[in-house]
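The values are calculated or read from the model by the stated rules, or taken from the named source; none is laboratory data. Quantities reported herein were computed from a predicted structural model and do not represent experimental measurements. Here Cβ is always computed from backbone atoms with ideal geometry, including for glycine, and neighbour counts include all displayed protein chains. Surface accessibility is based on the protein's heavy atoms, side chains included, excluding ligands, DNA and RNA. Shrake-Rupley method; radii C 1.70, N 1.55, O 1.52, S 1.80 Å.
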Amino acid sequence: METFTWSKPSTDHPEKSKVAVLLPGSGYPVEGPVLFWIGEMLGSLGWHVQAVRWTPDDAPTTDPHKFAATAAKNAFAASPDAEQRLVVAKSFSTFCIPWAEETLIPGIWLTPLLTDERVRSTIGATSKDDLFVGGSQDKLWDGGRKSESAGTFFEVPGADHSLQIPEDWRASQQAQADVFERIEKFISELGA
């Protein structure tokens, strides 16, 4: 895996340093439409954004939770020190939810793997307010876990695992715009 700086904040507000890490899915790079626009949004809101890209020799071994957590740790290590941190992860990278809980780093979890028992039990016992975004047609979303008491669950009607409405690019574009609005609201409330 490699990590690179997506954007640096302007020096207008150096007193409040904020770092966000963008983590890809297994087949959904940070340049994919949803992660791309979130990276752009965070940069415009004054966040240093550090992204991760998988390389051909990456293999999650037998512990995908550890692999995803290592990616997040490496990205934060390559970033400047910050008073506020945030993880934005898509699909496979949501395996780092247990690590984020241990370190108390809030997250925006896009199409989280809610069928994974360790991810599910961590979310059920979380002590922080995270944002979970999934599509109603995504089998890994598992109904959005609406019964969980912590975090905010935002379900996109008709969307699949890519947060797209199958065979309807206009509806997909509108659905993703709704996702971005919800994410912008979540980011603005962080640390408030």
>> Just to be sure I understand, how many residues within the range 163-192 are closer than 18 Å to TYR28 by Cα, open to solvent by 30 Å² or more (accessible area, probe 1.4 Å) and in contact with a helix residue (DSSP H, G or I) (Cβ under 8 Å, 6 or more places away or on another chain)?
In response: 3
> Name the residues in the range 144-179 that are of a type in the set (Phe, Trp, Tyr) and at pLDDT below 95, would you?
Replying inline: PHE153, PHE154
> Restricting the search to the range 166-182, which residues are in a loop (DSSP other than H, G, I, E, B) and under 17 Å from LYS90 (Cα atoms)?
Replying inline: none
> Would you call PRO106 more than 16 Å from the chain's Cα centre (by Cα), open to solvent by 10 Å² or more (accessible area, probe 1.4 Å) and not acidic (Asp, Glu)?
Replying inline: no
> With (1) of a type outside the set (A, V, I, L, M); (2) outside any helix (DSSP H, G or I); (3) surrounded by 15 or more Cβ atoms within 10 Å (Cβ to Cβ) as the list, and ASP81 as the residue in question, which single condition is left unmet?
Replying inline: (3)
> Scanning for something open to solvent by less than 20 Å² (accessible area, probe 1.4 Å) and either within 23 Å of LYS8 (Cα to Cα) or more than 12 Å from the chain's Cα centre (by Cα) (or both), does the range 59-66 turn up at least one residue?
Replying inline: no
>> Given the criteria basic (Lys, Arg) and modelled with pLDDT of 90 or more, does LYS128 qualify?
In response: no
> What number of residues within the range 40-58 are surrounded by fewer than 19 Cβ atoms within 10 Å (Cβ to Cβ) and either hydroxyl-bearing (Ser, Thr, Tyr) or part of a strand (DSSP E or B) (or both)?
Replying inline: 3
>> What's the total number of residues in the range 126-143 that are in a loop (DSSP other than H, G, I, E, B) and free of Cβ contacts under 8 Å to residues at least 24 places away in the same chain?
In response: 2
